[in-house]
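A.B. asks: Below is the structure I would like to discuss, written out as structure tokens.
The values are calculated or read from the model by the stated rules, or taken from the named source; none is laboratory data. Bear in mind the structure is a predicted one, so any value in this text is a computation, not a measurement. Cβ placement follows ideal geometry from the backbone for every residue including glycine, while neighbour counts extend to all protein chains displayed.
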Amino acid sequence: MKWRLRFLWMKMRPLATLVLLIGIPYLPLAPWFAVAGPEPFALSPILVSQVSTSPPTPVSGGAGKNGPSPPLDAAEIRKRSQNWEVRRLDGGWRLLMSPRFAVRGDARVDDLRTVAAFAECYLDAVHERIGGDMTDIRFSIRAYAREGEFRRHAACLELEAARSFYDAHHAEIVLHVPPTRDRSELAGALMHEVVHEFLDRVHDRTGPAWFVEGLAGWFTDYTLEMGRPTPARRDPTPEVAAAARDSKLIPLRRLTGLDLGAFLSDEGALMRAEAASLVRYYAGRDPGLLKHLAAGRHPPSDLAPERVEKEWIEWVLESGK
């Protein structure tokens, strides 16, 4: 038996030596292969419940044509990002490291810097209002310039119509950032997804749907005050006011029991608008309540949705005038 094993080893030794000589020099690069570019996605349908996407229609707040005003101009982006590290990856991809975000993609370097600078600004705005411990958390964003690769990713999550979404399974924001994308539209979509990533990574929250979608919608309808994104104080969503006038609002008891799939469906526009309106109402009643809800607690009994519905509708109608 021993002589047979020795004979086999003598035959295999040249091949084993060749494999080692070829493979050893590449071992230090192994950690980068995992982030080199778009890996294949094969997700179970159940994971779709962990994905949140920004609304398919343009957001309504701010001064931009298709969304809120970008929080920073080109000069400010260059100033903030001048020392951020950029590394080349395989497949024409790059990895940009800002203070709290890792942004990888095949988009232009200037676009990666823009995405990271906006995200850093939005992260501060969200943290200021709902709190949480961000110690040792690195947030992730994937930015596709090539539409085909973005569509392949989105199709695996049954989000063919999306141009951005937060994938909780991989803990990353996914964006389509072609050179021609309107910066106001990008600003609104990115703010929406930063809220989802913050809730998931900092507060371990991907639900309930009314709160996570409502909070993201509330933040997205922002204005700039002293250069800082600030959610609108009055309700700017005309569809909610119109539904209130026509007595077509979804009852809050039902709204707060819906799952994420309902909010992301084609019929979910009014649901998302109502949820954002309810969050904005709560923020006006008690700013600390949002931190309370983000921490996973229920509203106090006197502020339960069914208890404040009448007053909320009156506030919606007054805001819509």
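A.B. asks: Go through (1) of a type outside the set (Phe, Trp, Tyr); (2) farther than 15 Å from ALA119 by Cα; (3) free of Cβ contacts under 8 Å to residues at least 60 places away in the same chain for HIS203 and report which single condition fails.
C.D. replies: (3)
A.B. asks: When you go through ALA304, ALA275, ALA283 one by one, which is the residue that is surrounded by 20 or more Cβ atoms within 10 Å (Cβ to Cβ) and among the aliphatic types (A, V, I, L, M)?
C.D. replies: Working: ALA304 fails: surrounded by 20 or more Cβ atoms within 10 Å (Cβ to Cβ); ALA283 fails: surrounded by 20 or more Cβ atoms within 10 Å (Cβ to Cβ).
Selected residue: ALA275, the only one of ALA304, ALA275, ALA283 that is surrounded by 20 or more Cβ atoms within 10 Å (Cβ to Cβ) and among the aliphatic types (A, V, I, L, M).
A.B. asks: Considering only residues that are more than 21 Å from THR206 (Cβ to Cβ) and part of a loop (DSSP other than H, G, I, E, B), which ones fall in segment 241-266?
C.D. replies: Answer for segment 241-266, where residues must be more than 21 Å from THR206 (Cβ to Cβ) and part of a loop (DSSP other than H, G, I, E, B): ASP246, SER247, LYS248, LEU249, ILE250, PRO251, ASP266.
A.B. asks: Run down ASP133, ASP111 and say which single residue is farther than 20 Å from ASN83 by Cβ, touching a residue at least 24 places away in the same chain (Cβ under 8 Å) and of a type outside the set (Ser, Thr, Tyr).
C.D. replies: Exactly one residue qualifies, and that residue is ASP133.
A.B. asks: Say we look at segment 292-301 and pick out the residues that are exposed (fewer than 15 other Cβ atoms within 10 Å of the Cβ) and touching a residue at least 24 places away in the same chain (Cβ under 8 Å); which of these is farthest from GLY257 (Cα to Cα)? Please lay out each step first, then the result.
C.D. replies: At the first step, the residues of segment 292-301 found to be exposed (fewer than 15 other Cβ atoms within 10 Å of the Cβ) are 295-298, 300-301.
Now restrict to residues that are touching a residue at least 24 places away in the same chain (Cβ under 8 Å): 295-296.
Details: ALA295: 19, GLY296: 15 Å.
Among them, the one singled out is ALA295.
A.B. asks: Right, something else. When you go through GLY207, GLY214, GLY284 one by one, which is the residue that is in a helix (DSSP H, G or I), at pLDDT below 95 and of a type in the set (Gly, Ala, Ser)?
C.D. replies: Every option except GLY284 fails the conditions.
Matching residues to (1) more than 20 Å from ARG201 (Cβ to Cβ); (2) among the polar types (S, T, N, Q); (3) at pLDDT 95 or above; (4) over 14 Å from the mean Cα position of the chain (by Cα):
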residue	(1), (2), (3), (4)
ASP111	yes, no, yes, yes
PHE118	no, no, yes, no
LEU123	no, no, yes, no
VAL126	no, no, yes, no
ASP133	no, no, yes, yes
ARG142	no, no, yes, no
ALA145	yes, no, yes, yes
CYS156	yes, no, no, yes
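A.B. asks: Given the conditions (1) farther than 30 Å from SER265 by Cα; (2) assigned to a helix (DSSP H, G or I), and given that ILE137 satisfies all but one, which numbered condition is not satisfied?
C.D. replies: With respect to (1) farther than 30 Å from SER265 by Cα; (2) assigned to a helix (DSSP H, G or I), ILE137 is out only on (2).
A.B. asks: Looking at ARG129, ARG151, which is the one that is in contact with a strand residue (DSSP E or B) (Cβ under 9 Å, 6 or more places away or on another chain), assigned to a helix (DSSP H, G or I), farther than 21 Å from ALA187 by Cβ and not polar (S, T, N, Q)? I'd like the intermediate steps shown before the answer.
C.D. replies: Numbers: ARG129 fails: farther than 21 Å from ALA187 by Cβ.
Among ARG129, ARG151, only ARG151 is in contact with a strand residue (DSSP E or B) (Cβ under 9 Å, 6 or more places away or on another chain), assigned to a helix (DSSP H, G or I), farther than 21 Å from ALA187 by Cβ and not polar (S, T, N, Q).
A.B. asks: With the structure loaded, tell me whether ALA162 is part of a loop (DSSP other than H, G, I, E, B), under 15 Å from the mean Cα position of the chain (by Cα) and small (Gly, Ala, Ser) or whether it fails that test.
C.D. replies: Considered against the rule, which asks whether it is part of a loop (DSSP other than H, G, I, E, B), under 15 Å from the mean Cα position of the chain (by Cα) and small (Gly, Ala, Ser), ALA162 comes out as yes.
A.B. asks: Do we find a residue being out of contact with any helix residue (DSSP H, G or I) (no Cβ under 9 Å at 6 or more places or on another chain) and within 30 Å of ARG146 (Cα to Cα) anywhere in segment 225-248?
C.D. replies: Checking segment 225-248: not a single residue is out of contact with any helix residue (DSSP H, G or I) (no Cβ under 9 Å at 6 or more places or on another chain) and within 30 Å of ARG146 (Cα to Cα).
A.B. asks: If you scan segment 124-158, which residues turn out to be surrounded by 19 or more Cβ atoms within 10 Å (Cβ to Cβ), touching an Asp or Glu at 6+ places or on another chain (Cβ under 9 Å) and of a type outside the set (Ser, Thr, Tyr)?
C.D. replies: PHE139, ILE141, ARG142, ALA143, ALA145, HIS153, ALA154, LEU157
A.B. asks: Taking segment 210-261 as the search range and keeping residues that are among the small types (Gly, Ala, Ser) and surrounded by 17 or more Cβ atoms within 10 Å (Cβ to Cβ), which one is farthest from TYR166 (Cα to Cα)?
C.D. replies: Within segment 210-261, the match that is farthest from TYR166 (Cα to Cα) is ALA244.
A.B. asks: Something else: What number of residues within segment 289-320 are outside any helix (DSSP H, G or I) and either acidic (Asp, Glu) or more than 15 Å from ALA243 (Cβ to Cβ) (or both)?
C.D. replies: Result for segment 289-320: 7.
A.B. asks: Could you tell me which of the residues VAL202, VAL177 is buried (at least 24 other Cβ atoms within 10 Å of the Cβ), β-branched (Val, Ile, Thr) and under 18 Å from the mean Cα position of the chain (by Cα)?
C.D. replies: The match here is VAL177.
A.B. asks: Also, quick follow-up: Tell me, yes or no, whether segment 222-230 has at least one residue that is out of contact with any Lys or Arg (no Cβ under 7 Å at 6 or more places or on another chain), over 17 Å from GLY268 (Cα atoms), assigned to a strand (DSSP E or B) and among the basic types (Lys, Arg). So that I can check it myself, show each step before the final result.
C.D. replies: At the first step, the residues of segment 222-230 found to be out of contact with any Lys or Arg (no Cβ under 7 Å at 6 or more places or on another chain) are 222-230.
Right, trim to over 17 Å from GLY268 (Cα atoms) and you get 222-230.
So of that shortlist, the ones also assigned to a strand (DSSP E or B) come out as 222-225, 228-230.
Narrowing the set further to residues that are among the basic types (Lys, Arg) leaves 228.
Yes, some residue in segment 222-230 is out of contact with any Lys or Arg (no Cβ under 7 Å at 6 or more places or on another chain), over 17 Å from GLY268 (Cα atoms), assigned to a strand (DSSP E or B) and among the basic types (Lys, Arg).
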